[in-house]
1. Would you be able to say whether some residue in segment 280-294 is of a type in the set (Gly, Ala, Ser), out of contact with any Pro (no Cβ under 6 Å at 6 or more places or on another chain) and open to solvent by 10 Å² or more (accessible area, probe 1.4 Å)?
2. Looking at (1) surrounded by fewer than 23 Cβ atoms within 10 Å (Cβ to Cβ); (2) modelled with pLDDT of 95 or more; (3) not in a loop (DSSP other than H, G, I, E, B), can you tell me which one Phe114 breaks?
3. Take the residues in segment 159-203 that are among the β-branched types (Val, Ile, Thr) and within 10 Å of the ligand (Cβ to nearest atom), then tell me which one is surrounded by the most Cβ atoms within 10 Å (Cβ to Cβ).
4. When you look at Val119, is it within 25 Å of Pro44 (Cβ to Cβ), open to solvent by 30 Å² or more (accessible area, probe 1.4 Å) and within 16 Å of the ligand (Cβ to nearest atom), yes or no?
5. Exactly one condition in (1) modelled with pLDDT of 95 or more; (2) among the small types (Gly, Ala, Ser); (3) surrounded by fewer than 18 Cβ atoms within 10 Å (Cβ to Cβ) is false for Ala254; which is it?
6. Tally the residues that are loosely packed, with under 13 Cβ neighbours inside 10 Å and part of a helix (DSSP H, G or I), restricting the search to segment 295-308.
7. Within segment 287-318, which residues are more than 28 Å from Asp12 (Cβ to Cβ) and hydrophobic (A, V, I, L, M, F, W, C)?
8. From the list Ala55, Ala70, Ala59, pick out the single residue that is part of a loop (DSSP other than H, G, I, E, B), hydrophobic (A, V, I, L, M, F, W, C) and either in contact (Cβ under 8 Å) with a residue 24 or more places away in the chain or more than 25 Å from Gly271 (Cβ to Cβ) (or both).
Amino acid sequence: MSALAPPVVAIDLGGTKALAGVVEANGTVRSRVSLPSRDLVGRPAELLDRMAEGALSAATAADLPFEALAAVGVCVPGPLDSSRSVVAMAPNLGWVQIHVREELERRLPTKAVFVENDVRAAALSEHALGAGRGYDSTLAVFVGSGVGGGIVIDGSLYHGAHGGAGEIGHMVLRAGGHRCGCGRAGCLETLAARDAVGRYVIDEVARGHRTLLTEILNGDLLALTSRDLAQAIALSDAVAIRAARRSARYVGLAIGGVVNLVDPAVVVIGGGIAEALGEQYVECAAEIARRQILASAARHVVIVASKLGNDAGLLGAALTAYAGLASN
Ligand SMILES: [Zn+2]
């Protein structure tokens, strides 16, 4: 997309808040408007009203008439149907079968709206503007409260034949393991995401190991967040470091498998848990991944930390709008 293309409105919708902003084709964010969403969980019509208002406010905040913007890109926390217009289910929002594209186009009649899953959008932005920039193909993996991913090939997200590509978090890595939110058992998510890290810490405490997390969390280890983990790791807490490394090893196993299948030019690892341990997390995952990779050349695949942090969603929503315009 040319840098002269008009800016777009991007909306990054999450379960506690949404961020709307005007974004240029080169990734420059010209305005940001924060919108609460938690108070409208289970009330999709009202939340869509608020998102439409947020899109207009973002234009005003960027000092641009809404008419000057090329399109609207939205990323949402849930799987989409194969037309990428309908959110099949977004438990964080209490959404089932919401026609996001149609509903927003009705509220913003002058603009085309393009929708993407939030993790896929983040993968696209890491590829185009972040740690994957300059490579032809990217596998992105995000480890936080869940584990998600995306595959970008020749600059475009690979959605698969049925829209289901990228779900690395639900590769089963341990038969008969913990029950996963998806209904299966032993998925990568149950071994590497925040709850898995928390469970490991609780088990270590039960085995008699001491950890600063007990004090940090006032004894409530179930309330562990990525930030608590980062704090304990910064203080060289052995249990916290082991917990994060265990997560990284499982992520590395899964990445090795995907590299054998897809052979991307670069692997980008991000998300709150990965960021808590930083470079050590990436190195640990990379070491395990390389042991799984069969083709000797593919073993040199670049494996790096994500770069865009909290902006990945907003930028991904903007890139979704540009990709939609280019294919229309
Ligand atoms: Zn699962």
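The values are calculated or read from the model by the stated rules, or taken from the named source; none is laboratory data. In this text, all values refer to a predicted model and were calculated from it rather than measured experimentally. Glycine also receives a Cβ, built like all others from the backbone with ideal geometry; neighbour counts cover every protein chain displayed. With ligands, DNA and RNA removed, areas are computed over all heavy atoms of the protein, side chains included. Shrake-Rupley method; radii C 1.70, N 1.55, O 1.52, S 1.80 Å.
1. Within segment 280-294, the first condition is being of a type in the set (Gly, Ala, Ser), and the residues that meet it are 285-286, 289.
Within this subset, residues satisfying the condition of being out of contact with any Pro (no Cβ under 6 Å at 6 or more places or on another chain) are 285-286, 289.
Right, trim to open to solvent by 10 Å² or more (accessible area, probe 1.4 Å) and you get none.
Among the residues of segment 280-294, not one is of a type in the set (Gly, Ala, Ser), out of contact with any Pro (no Cβ under 6 Å at 6 or more places or on another chain) and open to solvent by 10 Å² or more (accessible area, probe 1.4 Å), which makes the answer no.
2. Every listed condition holds for Phe114 apart from (1).
3. So in segment 159-203, the residues among the β-branched types (Val, Ile, Thr) come out as 168, 172, 190, 197, 201-202.
The next check asks that each one be within 10 Å of the ligand (Cβ to nearest atom); those that pass are 172, 190.
Details: Val172: 15, Thr190: 25.
Here the residue is Thr190.
4. Numbers: within 25 Å of Pro44 (Cβ to Cβ): yes; open to solvent by 30 Å² or more (accessible area, probe 1.4 Å): yes; within 16 Å of the ligand (Cβ to nearest atom): yes.
So Val119 passes the test.
5. (3)
6. Step one: list which residues in segment 295-308 are loosely packed, with under 13 Cβ neighbours inside 10 Å, which gives 295-297, 300.
Filter once more, keeping what is part of a helix (DSSP H, G or I): 300.
The number of residues fulfilling the criteria is 1.
7. Ile288, Ala289, Ile293, Leu294, Ala295, Ala297, Ala298, Val301
8. Numbers: Ala55 fails: part of a loop (DSSP other than H, G, I, E, B); Ala59 fails: part of a loop (DSSP other than H, G, I, E, B).
Only one candidate qualifies: Ala70.
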